[in-house]
Amino acid sequence: MIFASVRSSGTSPRATSLLSLAALTLLSACSTPPVLGPEPSVPLAPAFAHSHAAKAEGAASSDAWWAAWGDSTLTALVEEALGANQDISIALQRVAQARAGADSQTSRLWPAVGVQASASRSSTGLPAAVKQGMPDTRMLRAGIEVAWEIDLAGGVRAARDAAQADGTAAAAGAQGASLLVASEVARQYFVLRSAHERLRIVRALAKAQRDTADRVEKRLHEGLASAFDLDRARAEAEAFDAQVPPLQMLAGTSQTRLAVLLGRNPSVPVIQPDSSFIWHGVRDIGSGHPSELLKRRPDLIAAEARVAAETFRTGEARAQWWPKLFLSALTGRQDLQLNALDFAPVRFSNVALAFAAPIFDAGRIDAGIRAQSAKADEALLAWQKSVLVAVQEVEDSLLLRAEEARRAAALGSSVEHRRRSLRRAESLHREGQTDLLALLDVQRSVLASELALADSSLQQALADVQLYKALGGGFTPAAAGEAIASNARKAH
């Protein structure tokens, strides 16, 4: 590093102006090149392969996608979580940190202005004849100091742009946290509702099977059944009883997870079982086009911003090879007294221009450039992988949603047929044309079909939640950008 400086005390206004003009000319001659958006590693298809499972064109215009189920309880829980969840609050604090870092880097482009003042008094206590060589002094001094690193090579601007890209990534991360929280609240809510419903059905199945076992035991005493029939009936009843504890554990863990998502005490249940709960079919979900994911999904927006940030930092690292120019100036007034002689307040000034450039550093700057370039390449590869994973998640969600809809249709038809057979069995039993065991067997088949249909209803709801999450929410790309900007403003 070579260093040179030019200093002038009491520099004339003309010289100072010439120095400032030269610095501004050099500053304007250097500019940070723009960073172009990255391109996916493979071309994206014009449409999703399974987009027939949803409307290919358009997307839900409202960002409150959880309201699509028409469930007021779910809507209230999600909105509460968005305002109270700690993960979202942590993400917003990261946005605040990133924005503060951007402001700090931006401030480096401007001169630093400060005020300095001093007061001193010295008394030697010597005779007056001696004080001519060692006088008593009193000095009052005040001035304004200006210091400025002139960004010749654009390194400071590159650092500012990188910090601003970090802020964009943090804001997208906050939006992603909101999406994750909303989808997890919806998921746990549906799991809890399904656990309550399946508990009711399993308990009814266990009761029906115990009734069957009691009936078989009576027939055994009458010599109309065997011990084998009785053991089989009791085993089936106990098998249904064994399904109750896992469902109770599932309901309990869903309650505590919901409580944590809502920022509540996990020891207090969030919602109670509701026998009137009905599974509402979600409205059509617009899948849009694969390319829209790049501007819709918060994780892809954040990953792209990280690519830009690391690219800018590569420019900052390269700027270390270029000269640096420092300008400092000090001006003010001072009041000086020597013994009994007062000097009127006088102006003082000091202007300095320093120049520094590297010559030999044993490869340190080049190593830093290579390391930063590798980080930029890593960020680009991570973004490209994220794009492929995002498309995969949408395709998988669309396929799961379509196939689960087919399964639900078949199960719904099966339940309807078995309910009709139950009505016929009840009619035959009333007329004495069939025994109770046959009727109980039909009842069990109906309950078993309802249990499978309840599981399918859960899987359909979870598939819808998964699709919304894979699409980046229920908002359009424009709405996504507004949401990210809103989160950034909240962080301030």
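Cβ-Cβ distance of E426 and I278, R₀ of 25 Å, FRET efficiency by 1/(1 + (r/R0)^6): the value works out to about 0.50. Per-atom-type breakdown for region 360-466 gives carbon and sulfur 55% of the accessible area (1.4 Å probe, protein chains only). For region 365-440, the Cα gyration tensor yields ellipsoid semi-axes of 67, 11, 4 Å (square root of five times each eigenvalue, largest first, whole Å).
For the peptides 445-453, 401-409, residues were scored by their other Cβ atoms within 10 Å and the scores averaged per peptide; the highest-first order is 445-453, 401-409. Each of the peptides 301-308, 246-253 was scored by the mean count of other Cβ atoms within 10 Å over its residues; in descending order, highest first, they stand as 301-308, 246-253. Ranked by the mean number of other Cβ atoms within 10 Å of their residues, highest first, the peptides 166-179, 381-394, 196-209, 348-361 come out as 166-179, 196-209, 381-394, 348-361. Work through the residues other than I365 whose Cβ is under 12 Å from its Cβ and net out their charges, Lys, Arg +1 and Asp, Glu -1. Taking every Cβ under 12 Å from that of I365, the sum is 0. Counting pairwise Cα distances across region 252-317, what percent come out greater than 15 angstrom? Here the long-distance tail beyond 15 Å is 74 percent of all Cα pairs in region 252-317. Above 18 Å, the calculated P(r) of region 179-223 contains 56 percent of its Cα-Cα pairs. For the pair region 61-105 / region 279-320, the C-alpha centres are spaced 18 Å from each other. Each label point was placed 7 Å from the Cα along the Cα-to-Cβ direction; for R108 and E416 their separation is 6.9 nm. Taking N as the residue count of region 72-119, its C-alpha radius of gyration divided by 2.2 N^0.38 Å amounts to 2.17. Solvent exposure of region 160-315 amounts to 45 Å² per residue of accessible area, where only protein heavy atoms count and the probe is 1.4 Å. Extension gain, Q116 to A362: 0.36 nm times the residue separation minus the Cα-Cα distance gives 84.6 nm. With both labels modelled 7 Å from their Cα along Cα-to-Cβ, the D377 to Q97 distance reads 2.9 nm.
Taking the convex hull of the alpha carbon positions in region 341-387 and averaging its projected area over all directions gives 8.7 nm². Relative to the compact-globule estimate of 2.2 N^0.38 Å, the Cα radius of gyration of region 304-348 comes out at 2.61.
The values are calculated or read from the model by the stated rules, or taken from the named source; none is laboratory data. Because the structure is a prediction, the values reported are computed rather than measured. Glycine gets a Cβ as well: all are built from the backbone with ideal geometry, and neighbour counts include every protein chain shown. In case anyone asks, the SASA skips ligands and DNA or RNA and just uses the protein heavy atoms, side chains included. Shrake-Rupley method; radii C 1.70, N 1.55, O 1.52, S 1.80 Å.
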